[in-house]
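**Q** Please read through the structure below; I'll follow up with questions.
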Amino acid sequence: MTKPLASDLAYVPFVSVENMMRLIHHIGVEEMLQGLANYIEDDFRRWEKFDKTPRVASHSEVGVIELMPTSDGEAYGFKYVNGHPKNTKEGLQTVTAFGLLADVYTGYPVLLTEMTLLTALRTAATSAMVAKHLAPKGAGTMAMIGNGAQSEFQATAMKVICGVDHLRLYDIDVRASEKLLHNLTGRGFQITICKTPEEAIEGAQIITTCTADKQNATILTDNMVGAGVHINAIGGDCPGKTELHRDILTRADVFVEYPPQTRVEGEIQQMPEAFVVTEMWEVITGAAQGRVSDRQITLFDGVGFAIEDFSALRYVRDRVQGTDYCQQLDMLADPDDPRDLFGMLLRAG
Ligand code: NAD
C-alpha cells in the first residue's frame with residue numbers, strides 16, 4: 001500500500017457526463033469496451049482478494065435504488081444505481097448511476113464519476129467477456145431481445161470481443177429496434193428487425209435478453225431454446241423481475257457472478273437454494289469448466305456485480321489521471337491542522 005502525497009488529496013478528480021463522452025470518443029467505443037473487458041477479466045481472476053457482499057437494495061413499487069460496494073484491500077469502490085422500468089414513459093432513463101473510488105490507506109476518495117454511460121459499457125464488456133468463454137466457437141449471429149439503452153453497447157461488445165456480425169432484433173416497441181438499426185448502421189453489422197421473439201432467435205448462436213419490466217416476464221420459453229446456444233440474460237436483475245421460463249434453467253448450465261446476490265436477483269430466484277450454478281471467476285481461472293459440448297446450453301444469469309464497477313472505476317482512473325477529462329472537485333474539507341475543522345469554518349466566515 002503506497003502513501004500518497006497530502007497535497008494530492010484535497011481535491012477529488014470528477015468525470016462529468018460531458019467529459020465521459022469526450023473520453024469515450026477519444027479512446028473509441030470499441031477500444032474502450034475491449035479495455036474494460038480486460039480489466040474486468042483481470043479482476044475476476046483475483047476474485048478471492050475482494051471483499052464481497054450482495055448489493056444493498058432499497059425497493060419501491062416502481063423501482064429499486066442500490067449501492068454496490070467492494071474493495072481489493074488497496075482501493076474501495078461503490079456505485080449508486082437505480083432501476084425504474086416506468087421511467088422511459090416519463091422521458092427518464094431506466095438506469096442511472098454514479099460511482100466513487102477511494103484509497104484504502106487514507107480512506108480519501110480518488111475518483112468520482114458519472115456511471116450511467118459507464119454502466120452500459122461495463123455491462124456490455126462483462127456480457128461479451130463471459131460469452132468469449134461460454135458461447136459456441138464462431139458464433140456470428142445474436143438475437144437481441146429488448147432494444148433499449150443497453151442494447152447498442154451489448155451488440156458492439158459482442159462484435160469486438162466475440163466476432164458477432166449479424167443481429168436479429170426484437171422489442172415490443174418497434175421504435176426501439178428502429179433506433180438500434182439507425183445507431184448501428186455502418187458499424188459492421190447485418191441487422192434484421194423481427195416481428196416476434198421466435199423469429200429473432202432463428203439461427204442465433206447467442207441470445208441476449210435485455211428487457212425492462214418489473215415483473216416475472218417470460219421473454220423466452222423452453223421450446224424456443226435449441227441445443228448449443230449461449231443465453232446472455234441480463235434484464236432480470238431484481239426480486240420479482242425475471243425474463244426466462246424456469247424450464248430453461250433446468251436444461252441449461254447456469255453461470256453467475258456472485259451466487260448470494262444472483263439467488264435473490266437473477267433468473268435463478270425461481271429455483272430452490274440448492275440449484276447448482278457455476279461461478280464465472282472459476283471458469284476464467286480454469287477451476288471450473290465452461291462450455292464442454294456443442295449441444296450444451298450455457299446461460300449467463302447476469303445481474304451486475306460490484307467488482308465489474310470496481311474494474312470500470314479503475315479503468316477510468318487510469319485513463320483520466322493528469323488529463324483534462326476530469327475536473328478537480330472541492331469535495332473534502334481539508335483544514336491545515338487536521339484537528340481544527342471548526343477553526344477552518346470560522347476563518348471562512
Ligand atoms: P430500457 O428501458 O432502455 O430498455 C428496455 C427495452 O425492453 C425497451 O425498449 C422495452 O420496450 C423492451 N421490452 C420490455 N418488455 C419487453 C418484452 N416483453 N419483449 C421485448 N422487449 C421488451 O432499459 P435498459 O437500460 O436497456 O435496461 C434493460 C434491462 O437491463 C433493465 O431491466 C435493467 O435493469 C437491466 N440492466 C442490467 C444490468 C446488469 O448488469 N445485468 C445492467 C444494466 C441494466
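The values are calculated or read from the model by the stated rules, or taken from the named source; none is laboratory data. Fair warning: this is a prediction, and the values are worked out from it, not measured in the lab. Ideal geometry is used to build each Cβ from the backbone, glycine not excepted, and the neighbour counts take in all protein chains shown. Side chains included, ligands, DNA and RNA excluded: accessible areas come from the protein's heavy atoms. Shrake-Rupley method; radii C 1.70, N 1.55, O 1.52, S 1.80 Å.
**Q** Show me the ranking of peptides 79-92, 153-166 by mean Cβ neighbours inside 10 Å, starting with the highest.
**A** Details: 79-92: 15.6, 153-166: 23.0.
Result, highest mean first: 153-166, 79-92.
**Q** If I model a spin label as a point 7 Å beyond the Cα along the Cα-Cβ vector, how far apart are those points for His26 and Glu74 in nm?
**A** So the two model labels end up 2.3 nm from each other.
**Q** May I ask which of Lys89/Lys214; Lys52/Lys79; Lys49/Lys132; Lys86/Lys179; Lys86/Lys195; Lys132/Lys179 have a Cα-Cα span longer than 21 Å here?
**A** Details: Lys89/Lys214 14 Å; Lys52/Lys79 14 Å; Lys49/Lys132 24 Å; Lys86/Lys179 19 Å; Lys86/Lys195 23 Å; Lys132/Lys179 27 Å.
In this structure, Lys49/Lys132; Lys86/Lys195; Lys132/Lys179 exceed 21 Å between Cα atoms.
**Q** Also, I was wondering about something else. Using a 1.4 Å probe on the protein chains only, how many percent of the accessible area of the chain belongs to carbon and sulfur? Walk me through the numbers before you get to the answer.
**A** On the way: 8240 of 15870 Å².
Roughly 52 percent, rounded to a whole number.
**Q** When only the heavy atoms of the protein chains count and the probe is 1.4 Å, how do Tyr76, Tyr170 rank by accessible area, highest first?
**A** Tyr76, Tyr170
**Q** Averaging over all projection directions, find the projected area of the Cα convex hull of the chain and quote it in nm² with one decimal place.
**A** Details: hull surface 76.9 nm².
Mean shadow area of the hull around the Cα atoms is 19.2 nm².
**Q** So how do His230, His26, His59 rank on accessible area, 1.4 Å probe, biggest first, that is with the largest at the start? Don't skip to the answer; put the middle values down first.
**A** On the way: His230 0, His26 125, His59 90 Å².
Largest accessible area first, the list is His26, His59, His230.
**Q** Would you tell me the accessible area of Ser71, worked out with a 1.4 angstrom probe on the heavy atoms of the protein chains, in Å² to the nearest 10?
**A** 10 Å²
**Q** Then there is this: Label points 7 Å out from Cα along the Cβ direction at Thr88 and Gln328: separation in nm?
**A** That separation, rounded to one decimal, is 4.2 nm.
**Q** Once the convex hull of the C-alpha atoms of the stretch 137-225 is built, how many Å³ does it hold per residue, rounded to a whole number?
**A** Values: hull volume 8.2 nm³, N = 89.
That works out to 92 Å³ per residue.
**Q** Report the residue, chosen from Gly146, Gly302, Gly138, that carries the largest GNM mean-square fluctuation when the chain is represented by alpha-carbon nodes joined by springs under 10 Å.
**A** In the Gaussian network model the winner is Gly138.
**Q** I'd like to know how the stretch 232-349 sits against the 2.2 N^0.38 Å rule of thumb: what's its Cα Rg over that expected value? Don't jump to the answer; show the numbers that get you there.
**A** Details: Rg = 22.8 Å, N = 118, 2.2 N^0.38 = 13.5 Å.
Taking the Cα Rg and dividing by 2.2 N^0.38 Å, one obtains 1.69.
**Q** Seen from all sides and averaged, what is the projected area of the convex hull of the Cα atoms in the stretch 72-172, in nm²? Provide the component values of the computation, followed by the final result.
**A** Values: hull surface 32.6 nm².
About 8.1 nm², averaged over all directions.
**Q** Further question: Mind pulling up the Rg/Rh value for the stretch 246-292? Radius of gyration and Kirkwood radius, both on Cα. List each step's numbers first, then the result.
**A** On the way: Rg = 10.7 Å, Rh = 11.1 Å.
Radius of gyration relative to Kirkwood radius: 0.96.
**Q** Using all alpha carbons of the stretch 1-92, what is the percent of pairwise distances in each 5 Å bin, ordered from the shortest bin to the longest?
**A** Result, from short to long distances: 3, 9, 10, 14, 19, 23, 14, 5, 2, 1 percent.
**Q** Oh, and also: Over the stretch 44-128, with the other protein chains present, what is the accessible area per residue in square angstrom, probe 1.4 angstrom?
**A** Numbers: 3670 Å² over 85 residues.
Value for the stretch 44-128: 43 Å² per residue.
**Q** Mind putting a number on the dipole of the stretch 185-341 about its Cα centre? Charges go on the C-beta only, +1 for Lys and Arg and -1 for Asp and Glu, and I need it in Debye to the nearest 20.
**A** Details: 13 positive and 26 negative charges, 125 e Å.
Value, rounded to 20: 600 debye.
**Q** Here is a follow-up. With every protein chain left in place and a probe of 1.4 Å, what is the accessible surface of Arg251, to the nearest 10 Å²?
**A** 110 Å²
**Q** Might you tell me the accessible area per residue for the stretch 190-349, computed with a 1.4 Å probe and given in Å²? Mind showing how you got there, number by number?
**A** Values: 7430 Å² over 160 residues.
Result: 46 Å² of accessible area for each residue.
**Q** Would you mind putting 332-344, 203-215 in packing order, based on average other-beta-carbon counts within 10 Å, highest first? Display every interim value, and only then the final one.
**A** Details: 332-344: 10.5, 203-215: 21.6.
Going by the mean number of other Cβ atoms within 10 Å, highest first, we get 203-215, 332-344.
**Q** While we're looking at this one, here's another question. In nm, give the distance between the simple-model label positions of Asn223 and Leu181, each being 7 Å from the Cα along the Cα-to-Cβ direction.
**A** Placing both labels 7 Å beyond Cα along the Cβ direction yields 2.9 nm.
**Q** Additional query: Could you compute how fast the stretch 148-303 diffuses translationally, taking Rh as the Kirkwood radius over C-alpha pairs and applying Stokes-Einstein at 4 °C with viscosity 1.567 mPa s? Give it in µm² per second. Working shown, then result.
**A** On the way: Rh = 16.1 Å.
Roughly 80 µm²/s, to the nearest whole number.
**Q** Give the distance, in whole Å, between the Cα centre of the stretch 36-115 and the Cα centre of the stretch 197-262.
**A** 23 Å
**Q** Same structure again: To the nearest 0.05, how large is the calculated FRET efficiency for Ser16 and Thr285 if R₀ is 45 Å and r is the Cβ-Cβ distance?
**A** Values: r = 37 Å, r/R0 = 0.82.
Computed FRET efficiency for Ser16 and Thr285 comes out at 0.75.
**Q** With springs only between Cα atoms under 10 Å, which of Gly28, Gly235, Gly226 fluctuates most in a Gaussian network model of the chain?
**A** Looking only at Gly28, Gly235, Gly226, the biggest GNM fluctuation is shown by Gly28.
**Q** Could you size up the charge dipole of the chain around its Cα centre, putting +1 on the beta carbon of Lys and Arg and -1 on that of Asp and Glu, and report it in debye to the nearest 20?
**A** Numbers: 31 positive and 47 negative charges, 96 e Å.
Once rounded to the nearest 20, the dipole reads 460 debye.
**Q** For n ≥ 4 DSSP H runs only, could you compute -39500 (n - 2.57) per run for the chain, divide by its residues and tell me the 222 nm figure to the nearest 500? Show your work: numbers first, answer last.
**A** Numbers: 11 runs with 115 residues, N = 349.
One gets -10000 deg cm²/dmol as the mean residue ellipticity at 222 nm.
**Q** What's the FRET efficiency of Leu346 with Leu9 using the Cβ-Cβ distance as r and R₀ = 35 Å, to the nearest 0.05? Provide the component values of the computation, followed by the final result.
**A** Working: r = 23 Å, r/R0 = 0.65.
Working from the Cβ atoms, E equals 0.95.
**Q** Moving to a separate point now. Set the Förster distance to 30 Å, then compute FRET efficiency between Gln190 and Lys137 from the Cβ-Cβ distance, nearest 0.05.
**A** On the way: r = 20 Å, r/R0 = 0.66.
So the FRET efficiency works out to roughly 0.90.
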